[in-house]
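In what follows, a single structure is set out as structure tokens and then discussed.
Bear in mind that the values in this text are calculations on the coordinates, not laboratory data. None of these values were measured; they are calculated from a predicted model. Using ideal geometry, Cβ is built from the backbone for each residue, glycine included, and neighbour counts are taken over all protein chains shown.
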Amino acid sequence: MRLAKALRTSVSTLLGEDAAADFLHVVRSSEQAAKCVVGSGGEYTFVALNRSGDHTGASAFMLQLGTSTIGEQAFHEGEEMFYVLHGAVEITLGTRSVRLGEGDFAEFPGMVRHQLRGLETGTRVLVVITERGLT
């Protein structure tokens, strides 16, 4: 997110997605381009949902997690939202941790240091990150 913001582009563009000329952007499940990311805490799958070059002020993506922690604690401007589609995750916000199960939703300021950990194999989470705080 920070790299995309610094380059004034979207996460989708950084991952090489193509821009569509139409104002409606639809990502069919059969067309989702999953990228496997291997980090220090394990691996996860990332699916960008925004169109390439989309500068709407928000990024949407899905994560599929095993039972591992994703990277170091992150922080950024804007708001971050998680909706658990399947399985369970633990979100650490500073020194506080909260468990989210299927159907649970969490929203918090991106400037709060945060980290995500899958609690079940095959956990899927929809993540939306805005550039600015919601008002």
#### Entry: Translational diffusion of segment 69-135, µm² s⁻¹ [Kirkwood Rh, Cα pairs; Stokes-Einstein; 20 °C; 1.002 mPa s]
179
### Summary
For the S97, H25 Cβ pair and Förster radius 25 Å, calculated FRET efficiency rounded to 0.05 is 0.15
